[in-house]
1. Against the definition (at pLDDT below 95 and surrounded by fewer than 18 Cβ atoms within 10 Å (Cβ to Cβ)), how does Pro90 come out, yes or no?
2. Which of (1) under 25 Å from Arg27 (Cα atoms); (2) surrounded by 15 or more Cβ atoms within 10 Å (Cβ to Cβ) does Glu261 not meet, given it meets every other one?
3. Quick check on my filter: what residues within the range 185-210 are surrounded by 23 or more Cβ atoms within 10 Å (Cβ to Cβ) and under 25 Å from Leu114 (Cβ atoms)?
4. Can you tell me which residue in the range 161-184 is surrounded by the most Cβ atoms within 10 Å (Cβ to Cβ), limited to those that are within 30 Å of Pro99 (Cβ to Cβ) and small (Gly, Ala, Ser)?
5. Out of the strands (runs of 3 or more DSSP E) lying entirely within the range 438-511, which hold 2 or more residues that are modelled with pLDDT of 80 or more and more than 25 Å from Leu285 (Cα to Cα)?
6. Give the residues of the range 118-149 that are out of contact with any Phe, Trp or Tyr (no Cβ under 9 Å at 6 or more places or on another chain) and surrounded by 15 or more Cβ atoms within 10 Å (Cβ to Cβ), sorted by residue number.
7. Among the candidates Gly326, Gly339, which residue alone is on the phi > 0 side of the Ramachandran plot, surrounded by fewer than 17 Cβ atoms within 10 Å (Cβ to Cβ) and outside the structural domain of Arg504 (by TED's automatic domain parsing)?
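The values are calculated or read from the model by the stated rules, or taken from the named source; none is laboratory data. Just so it is clear, the structure is predicted and the values come from calculations on it, not from any experiment. Cβ placement follows ideal geometry from the backbone for every residue including glycine, while neighbour counts extend to all protein chains displayed.
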Amino acid sequence: MRSTRAITSLLLLACAGPLAAQPPQLRLKSGRLPPDLLRSGTAGPSLARAVTARRAEPARVHLLIQFTEPTTDELDTLGMRDVRVLQYMPDHAVVASAPVDVDLTGLDVQFMGLLEASDKLSAQLDLSGDAADVTAVMEVHLDIAASVARRIAAESGLTVIEQPDLPPTSLLVRGAAQALRTAASWDEVAYIYPAADVLLRGEPVLPCLGGVSTIGELNGAANLASSFGDGWDGPGLGPATLAYWIGALPSWLDQAAARAELLRALDAWAAVVQVRFQESSVQKLRRQIEIFGATGSHGDGFSFDGRGGVLAHTFYPPPNTETNAGDLHLDLDEPWRIGADVDLFSVALHELGHALGLGHNDDADSVMYPYYRRVSGLRPADIAEIRKLYAAAGVNTPSTPMTPATPDAPPAPPANPSTDKVAPSLKITYPATPTSSTNAASITVRGSATDNTGVVGLTWSTSSASGSGTPPFGSFSAGPIPLAPGLNLIAIQARDAAGNTSWRSISVTRR
């Protein structure tokens, strides 16, 4: 979650192909691509004639501008042409306010389009039968004043319901279906979605303004976009393995209990899709979610604002740049609690949805609804959306399990399961450092694993392979472990007879 702030930093995007190539589909919740004004010949001064939306400010219009690979000079040129970049829109696009006579000549732009009314009305709104009494949240673009939003609501025939905890760019409104359609036709309106009961009851609410993006240091358009990128598994529905590292947590909470709440949130997502989380002992790895608390400025360019404002913020997955991608930061000035507001588990569960690539969900019962609420787990709407990015948990399980000819021997019983809580001591001696590089196609990791009751198993895993270490585990050898070109995250786990485990991870770059 982030508060609105002026955007002055530059947008740095990966190359999406030459100008003439078909641009990637913008991830609007409407599932459609607005007409491309560049290819219809309406870019430049003739844009004014193409704009039919109602506008409170006739000289400006809000656009989706999609780039190939913008340079610093190109984005400086946008600023000099009075184009105000407001939000990041996947893929490789921004929401921007521009003069109606904007000229994009000389810029490497793939697409320019206008959000139409059908793109701004949530499919979750009941507008059938010309409903006469619909309640909704009307969101305007980030550069639009609250007074303009109220004017649009009034001129559209909507009644404003006062809810002081909404962000300044949002209004709680009630009116007929046609009034909502009229509001959506205004250029300054960004999105309209159903109002949750908690908003209608006037209860205090805590809004999330979406995850953040290292791509231009922009807020993501979390209410407009269905997802941010293809997820950690890449295009299609596949599995993903991510490391996680947990740092400083609110000091007034029981540290073991707070950590358990974060692990419970990670497990909730891993239970419904094939995303595996492995603990890491080091920071600043790629494909790693770092969770920690901080106050004020904490080194990522997005300072916290003290109590009562932003609770947390999370960086979306790639194309966000590493090593920030996926990281979740908590504002330690907030009154974090367990099982009561501000509930650590509930906020972490929502923010981890952003870390995995989800935008906000319009279903008012969803964990990913734009307002935090205390929850016990994911809702059906959350599960349906995350399964559009990753393979569902268990989908590759054989329908008829094969029975081995000789069953494996059962694991050794714990020496004293009621009292043994000591995890193994796991050390990696080779490679000698947590990060290393090699020209080899594989690597053998060596180290030691000791425990008060004895280590009975040691395994290794990467994003594409897994295996077992060679006993004796007091001095183990794991591998050879195949290395893919580029960065490889290798996780090593030791398990004792009581089921206690320890993790260590290293990163190896194959040159």
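1. For Pro90, the condition - at pLDDT below 95 and surrounded by fewer than 18 Cβ atoms within 10 Å (Cβ to Cβ) - is not met.
2. With (1) under 25 Å from Arg27 (Cα atoms); (2) surrounded by 15 or more Cβ atoms within 10 Å (Cβ to Cβ) applied to Glu261, the lone miss is (1).
3. Trp186, Asp187, Glu188, Val189, Ala190, Tyr191, Ile192, Tyr193, Gly210
4. Here is the first cut: in the range 161-184, the residues within 30 Å of Pro99 (Cβ to Cβ) are 166-171, 173, 179-184.
Subset that is small (Gly, Ala, Ser): 170, 179, 183-184.
Working: Ser170: 24, Ala179: 20, Ala183: 28, Ala184: 23.
Here the residue is Ala183.
5. On the way: elements: 442-450, 455-461, 466-468, 476-482, 486-496, 501-510.
The strands (runs of 3 or more DSSP E) meeting that bar are 455-461.
6. Within the range 118-149, the first condition is being out of contact with any Phe, Trp or Tyr (no Cβ under 9 Å at 6 or more places or on another chain), and the residues that meet it are 118, 123, 126-135, 141-149.
Result: Leu127, Val134, Thr135, His141, Leu142, Asp143, Ile144, Val148, Ala149.
7. Numbers: Gly326 fails: surrounded by fewer than 17 Cβ atoms within 10 Å (Cβ to Cβ).
Going through Gly326, Gly339 in turn, just one is on the phi > 0 side of the Ramachandran plot, surrounded by fewer than 17 Cβ atoms within 10 Å (Cβ to Cβ) and outside the structural domain of Arg504 (by TED's automatic domain parsing): Gly339.
A quick yes/no check of all residues on (1) modelled with pLDDT under 95; (2) at negative phi; (3) hydrophobic (A, V, I, L, M, F, W, C):
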| position | (1), (2), (3) |
| --- | --- |
| Leu86 | yes, yes, yes |
| Val102 | yes, yes, yes |
| Thr105 | yes, yes, no |
| Phe111 | yes, yes, yes |
| Leu114 | yes, yes, yes |
| Ser118 | yes, yes, no |
| Val140 | no, yes, yes |
